[in-house]
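Structure, as structure tokens:
The values are calculated or read from the model by the stated rules, or taken from the named source; none is laboratory data. Fair warning: this is a prediction, and the values are worked out from it, not measured in the lab. As a convention, Cβ positions derive from the backbone with ideal geometry for all residues, glycine included, and neighbour counts pool all protein chains shown.
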Amino acid sequence: MNLSPETHSIQSQLARYCRDGILTELSGARAERLPQYRRLVFNIIQDNIESAYPIAFKYLEKEIWNVLVYDFFSTHECQSYQVWKLPKEFMEFVVENNYQEKYQLPFLNDLLGFEWAEMELYNTTDIPYEYGSLNDDIFNGTISFNPEHLILPLKYPVHMVPPAKALELKGNYFVLLFREKETGKIQFVDLSVWYAFLVEQISQNNVTVTELIEYAPQLFGTISIEELKASTEQFIQSMIDKGFVTEIK
């Protein structure tokens, strides 16, 4: 049912007031009740964001966190109709407005990005797949991974240590996140550059481990192929144990 222009206008004015707190006359509304509507709406948004980013909420100073949430609430025009996606817009708002530089929190974008990736993967639409047989030849067999995964590059290891400690460890990090088929739980695994490359190439290009190892010297220069094969075999086995490898044929 389409709203009448008058009803749509009143709803828009109420929504604007809930965001910016600037009071205007609303037909049929009791002025003394309006602040309560605004408080209730703000609390819903605040609780939603705090639930999505528990680590950031825990470690950021309360005053800074409150500014981020209030600035977002009062100035950002949300686009998504799905409440669970609202925290993504919060993350994008914080990144676009460069709050990490303003408050000298260089890990902030990474931390929000990591926490949102976990939530997004948990809520994403199921991708049908089954577990098959596991051929013993991991080097030349065709390896399939759980398709419900992503690899996230980070500058700070916020997936491994508290933010204050992560500040001391700036570098190049990769974290693999994947959703368990039976439980829906999100697992995450710290990856080296090599393992991130390996998972990405096998997932996207259907190449074998042997082909990638042969290419490795072009990426890393002089390396021990035997040591690389041994560590890679151990990595693939650990991914089998975790349920990330779904089939080798």
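Odds and ends about this structure:
- Residues being over 20 Å from the mean Cα position of the chain (by Cα) and of a type in the set (Lys, Arg) - total across segment 183-232: 1
- Residues of segment 66-105 satisfying the condition of being exposed (fewer than 15 other Cβ atoms within 10 Å of the Cβ), over 15 Å from Gln46 (Cβ atoms) and aliphatic (A, V, I, L, M): Val95
- The test for being touching a strand residue (DSSP E or B) at 6+ places or on another chain (Cβ under 7 Å), closer than 30 Å to Leu108 by Cα and surrounded by 13 or more Cβ atoms within 10 Å (Cβ to Cβ) does not hold for Val161.
- Odd one out for Phe145 among (1) closer than 27 Å to Val67 by Cβ; (2) out of contact with any Gly (no Cβ under 8 Å at 6 or more places or on another chain): (1)
- Of all residues in segment 155-199, those satisfying the criterion of being aliphatic (A, V, I, L, M) and free of Cβ contacts under 8 Å to residues at least 40 places away in the same chain are Met160, Val161, Leu169, Val193, Leu198.
- Filter result for Glu247 (part of a helix (DSSP H, G or I), among the charged types (D, E, K, R) and modelled with pLDDT of 95 or more): no
- Test: residue in segment 67-74 that is among the small types (Gly, Ala, Ser), touching a Lys or Arg at 6+ places or on another chain (Cβ under 6 Å), farther than 19 Å from Trp116 by Cα and modelled with pLDDT under 95: yes
- Inter-residue pairs, beta-carbon under 8 Å, first closer than 20 Å to Leu111 by Cα and in segment 73-97, second surrounded by fewer than 13 Cβ atoms within 10 Å (Cβ to Cβ), 6+ apart: Trp84/Asn123; Leu86/Ser80; Lys88/Ser80; Glu89/Gln79; Glu89/Ser80
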